[in-house]
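Data block below; observations after.
The values are calculated or read from the model by the stated rules, or taken from the named source; none is laboratory data. Not measured: the values here are computed from a predicted model. Don't worry about glycine lacking a Cβ; one is built from the backbone with ideal geometry, like all the others, and counts go over all protein chains shown.
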């Protein structure tokens, strides 16, 4: 089996590392992003791939930039057959693409050329797509524009959120990268239809704010795309209200103004959108712990006719 250099940082890449090792494919080096300080205590945390690598006695390399001679030299020393790149977080220069004997391979969480870029899972959900998938491809100097090697398709459940979809796609990608390496010499690369490409840009803080002027399915899709992390929010009485769970409502008795609370019960608080409505099932008032709809109603004396929404971030 070939030796590979693995380049990846987040949890999404970990199953691929595990499947490669299980298939007998040797990972001689992990290249991942530097450790980061996180949380209120600003404690240094390892990238998930680094922790996996340490647990399995894989050498770890964490350069601040991949565009330096020492990085190129480090990779050349390993003489890899492949570089496998999964959610590494940087576009690779041509000097790295030329290092492996057979090529640099990528696993991307969409059916390319749809949703090239940083957040394909979130944009598939935001867009209300009914199916998605994973692709393996040969990396070129563009952004997710290389030739496709293998792909797998999966339906998206109507109530599926980003966490469960990401987990499913990470496992699909893990299986696919092993198959790609095992079958590599017999695979005919397929050129992407570049004029059909769509793009999934980096998410912004503003993307997390619910716009009640959207139709109910769009509001619900925003919740699905950004849940459970980083989460979506609105405003209630001038303070931020995080929405922890919601569902589409069958309520058709709607006021003229989107964002109006139209019905309250322990089972959910119904909020009007531009068309249709959603029900908030659990939420988190600013500086408080998450609560059920019933506890929110009782604790804040929530009333029909009150308005959610605001501009502040």
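Note on the range 23-37: residues that are in contact (Cβ under 8 Å) with a residue 24 or more places away in the chain and more than 11 Å from residue 47 (Cβ to Cβ) amount to 6.
Can you confirm whether residue 146 is under 23 Å from residue 5 (Cα atoms) and surrounded by fewer than 22 Cβ atoms within 10 Å (Cβ to Cβ)? Against the criterion (under 23 Å from residue 5 (Cα atoms) and surrounded by fewer than 22 Cβ atoms within 10 Å (Cβ to Cβ)), residue 146 does not qualify.
Beta carbons closer than 7 Å, at least 6 apart along the sequence or on distinct chains, pair a first residue in the range 204-215 that is closer than 9 Å to residue 259 by Cβ with a second that is modelled with pLDDT under 95 and surrounded by fewer than 18 Cβ atoms within 10 Å (Cβ to Cβ) for 213/274.
Quick grid of which residues meet (1) crowded, with 17+ Cβ neighbours inside 10 Å; (2) in contact with a helix residue (DSSP H, G or I) (Cβ under 7 Å, 6 or more places away or on another chain):
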| position | (1), (2) |
| --- | --- |
| 177 | yes, yes |
| 215 | no, no |
| 234 | yes, no |
| 237 | no, no |
| 270 | yes, no |
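Within the bounds of the range 273-290, is there any residue that is at pLDDT 95 or above, within 22 Å of the chain's Cα centre (by Cα), surrounded by fewer than 16 Cβ atoms within 10 Å (Cβ to Cβ) and in a loop (DSSP other than H, G, I, E, B)? So far as the range 273-290 goes, no, none of its residues is at pLDDT 95 or above, within 22 Å of the chain's Cα centre (by Cα), surrounded by fewer than 16 Cβ atoms within 10 Å (Cβ to Cβ) and in a loop (DSSP other than H, G, I, E, B).
Can you spot a residue in the range 40-47 that is touching a residue at least 60 places away in the same chain (Cβ under 8 Å) and either under 25 Å from residue 182 (Cα atoms) or not in a strand (DSSP E or B) (or both)? Checked the range 40-47: no residue is touching a residue at least 60 places away in the same chain (Cβ under 8 Å) and either under 25 Å from residue 182 (Cα atoms) or not in a strand (DSSP E or B) (or both).
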